[in-house]
Amino acid sequence: MRRYVPAISVRVVARRVVVVLVVLLQVGLVVRGYVADHREFAFQMFPEASRWEADIVRVTAGGERIPVERPWAGYRWEELVRGRGLGYPGARHHADAGLDNQIAFLRAALDWVAHNTPRDRETRYLEARVTRWHNDDPPTFETIRSDERAGVG
Amino acid sequence: MRSLALLRILLGPVVLLHLRPFLTDLLDGHIYRDSFHEPYASWYPELPRLVYGSLLWVAAIAAVMMSVGLLTRVATTTTFLVVAYNLFLSTTHVHNNRAYLVILLAGLAIGPCDRELSVDAWLRGRRGLPPRDTDAPGWPLWLLRFEAATVYGASGLSKLLDADWFGGTVTYLRVIEVRDRVMESPLPGWAVSLLTDRPFHTYAAKVIVLTELFIAVGLWCRRTRDAAVWVAVCFHVAIQVSASVEVFSYLAIAALVIWAVPSTRDRVVELDRTSRAHRRLEAGLRALDWLARFRVVDGPPGAPVTVADRDGARFRGRPAVVLVLSRLPITAWFALPCLLLPGVRRDRDGRNGGTRVDKAGGRVGSAAARAG
């Protein structure tokens, strides 16, 4: 007589694998949220009351420091960098998703502008002097530079 | 999986709200890559402008089709794929509410959300085909529940571990930053004073953190689920009126339907159809019982409204009506607190003549006997 062995179908095994993977992935993303600048799927809502502002200038080949509030080579900062509170960096803003997240966006934005303004033939790099207030701590200061632009000077 | 079908209907408009800023920009001739964006990976495909724009419109149409249940599986999968593709185009696109939207759409795309409350099901009936089986493996629903609880749990935990948050500094500073708006709001003077009082936030912050954690845990337990759902609705309404959170409030409130027990028509309502009040209740039930929790049968003439709960407990008269209203999505928030009223509670506990009946209808003993 053949012995009956209950079989678990491939489909059931696949479902269990998917469930375990999703749970592990989600837990991993939540943990990652405590160390990463961008906290995707970590669901840390309203994490800080921190604020920031930045004076951003273009540093030309001749050493001039020109605020980005002034249009240049047909570009406007607020048209190049929209959203995430980056359009008007000179005004003090709340860091919606935390200071680290905000500064990471600002750093990436400086690089993006440096690489995506081909009509600009005079800017060597962009520089932001950032003032950051972590909740009610005293302000701290930081200078961020974009990548050097190729073929200038 | 009635709850997934209902969630599918509710998410359609939420997807449209989510897509609105992208579509508005598109109509203004602007797409994400015309200004600062930050791709997650260089290999992630970026589509030609026309194709990208068309895809957004396809998603909007698919969201409508998903909601009404026309070509439901295709529409739901399409909506999920486009919304997810658009989300991961740039780090600047990702917000918590959008991430949660993608998770819920993924759950619908893999779950059996098309078999009821859909044009597809109606067309199937018109063609004379039998309705599709609404029983299905529960894992998509359990995964969605896990994700929904994670949203509250992760948020609450991050605040619990942050001394500034738990101590009230964060909420206090946020209110102070928008003090002008608070002063101009229709709030009475005492409320404004309270909100701008630092010691108040020492306690309020703890209430917020514990509320989130309570929702995360309370939703899992049947005894606390009603309270967790009720608190969650209050919580999201408070967030919606006090902060800008895109579609998060709509999304989170809609997602509460996944916590309904997935069995259907397992509560029996006995009505006397000669009574006008009973007929009115029946009409309300037929219109608002979106989660299909009740089966209506004829009761004896002149008898009060009677509900046999799924555990066999029977409710009569006003407690029965309260129980019915507490289980309809649109009236639940108002009726759930009434379950705590002494008269209703006594009946619920079975101390007012309540009896248990087994699934076949036979009595298995009075509640009084059980208590004894």
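Summing charges over all other residues whose Cβ lies under 12 Å from the Cβ of B:Ile9, with Lys and Arg as +1 and Asp and Glu as -1, gives 0.
Once C-alpha pairs closer than 8 Å and six or more residues apart are averaged by separation and normalised to the residue number of chain A, the relative contact order reads 25 percent.
Taking the longest Cα principal axis of chain B as reference, the axis of helix B:2-27 is set at about 20 degrees. Projecting the Cα atoms of A:Leu86, A:Ala42, A:Val19 onto the charge dipole of the stretch A:1-138, computed from C-beta unit charges around the Cα centre, puts A:Val19 farthest toward the positive end.
Restricting attention to the protein assembly as shown, close to 85% of DSSP beta bridges with both partner residues there are antiparallel.
As a ratio to 2.2 N^0.38 Å, the alpha-carbon radius of gyration computed for chain B takes the value 1.15.
The relative contact order of the stretch B:1-152 comes to 30 percent, based on Cα pairs under 8 Å that sit 6 or more residues apart.
Show me the three semi-axes of the equivalent ellipsoid for chain A, from the C-alpha gyration tensor (sqrt of 5 times each eigenvalue), largest first, rounded to whole Å.
Numbers: eigenvalues 448, 87, 26 Å².
The equivalent ellipsoid of chain A has semi-axes of 47, 21, 11 Å.
Protection proxy ranking, highest mean first, for peptides B:299-311, A:76-88: A:76-88, B:299-311, where packing is the per-residue count of other beta-carbon atoms within 10 Å, averaged. The angle between the Cα long axis of helix B:222-242 and the longest principal axis of the Cα atoms of chain B comes to about 40 degrees, rounded to the nearest 10. What is the angle, in °, between the Cα long axis of helix A:10-32 and the longest principal axis of the Cα atoms in chain A? Nearest 10 is fine, range 0 to 90. It is inclined by approximately 30 degrees.
The stretch B:291-346 to the stretch A:3-72: how many Å between their Cα centroids? Centre-to-centre (Cα) distance: 45 Å.
For the stretch A:3-54, treating each Cα as an identical point scatterer without solvent, what Debye log10 I(q)/I(0) comes out at q = 0.28 1/Å? Each listed q corresponds, in turn, to -1.04.
When the dipole is taken about the Cα centre of the protein assembly as shown, and only Lys, Arg (+1) and Asp, Glu (-1) are charged at their Cβ, what size is it in debye, to the nearest 20?
Around 2980 debye, computed over the protein assembly as shown.
Mean residue ellipticity at 222 nm, helices only, chain A: -9500 deg cm²/dmol; runs of at least 4 DSSP H residues each add -39,500 (n - 2.57), and the sum is divided by the number of residues.
Among DSSP beta bridges whose residues both lie in chain B, state the antiparallel percentage, nearest 5. Before the final figure, lay out the partial values.
Details: 10 of 15 bridges.
Once the DSSP bridges in chain B are tallied, antiparallel ones form about 65 percent.
For the protein assembly as shown, divide the Cα radius of gyration by the Kirkwood radius and give the resulting Rg/Rh value with two decimals. The partial results should precede the final answer.
On the way: Rg = 27.8 Å, Rh = 26.6 Å.
Checking Rg against Rh, the ratio lands at 1.04.
Pair-distance distribution of the stretch B:152-259: all C-alpha pairs, bin width 5 Å, starting at 0; shares per bin in whole percent are 2, 12, 18, 22, 20, 15, 8, 3, 0. Here the stretch B:107-185 and the stretch A:111-153 have alpha carbon centers that stand 39 Å from each other.
When the inverse distances between all different Cα atoms of the stretch B:274-342 are averaged and flipped, the Kirkwood radius reads 12.5 angstrom. When each of A:Phe46, A:Phe105 is scored by the number of other beta-carbon atoms lying within 10 Å, the sequence from fewest to most is A:Phe46, A:Phe105. The mean count of C-beta atoms from other chains within 10 Å of the C-beta of residues in A:43-56, rounded to a whole number, is 6.
About the Cα centre of chain B, what is the dipole size in debye to 20, counting +1 per Lys and Arg Cβ and -1 per Asp and Glu Cβ, all else neutral? Please list the in-between numbers first.
Details: 44 positive and 31 negative charges, 383 e Å.
Result for chain B is approximately 1840 debye, rounded to the nearest 20.
The ranking of B:Ser42, B:Ser242, B:Ser263, B:Ser3 from fewest to most other beta carbons within 10 Å of each one's beta carbon is B:Ser42, B:Ser263, B:Ser242, B:Ser3. Here is the size of the stretch B:2-136 from its Cα atoms: Rg then Dmax, 16.3, 55 Å.
Read-outs throughout are calculated quantities, based only on the coordinates presented, and are distinct from any laboratory measurement. Just so it is clear, the model here is predicted, and its values are computed rather than measured. Here the Cβ is made from the backbone with ideal geometry for all residues, glycine too, and neighbour counts use every protein chain on show.
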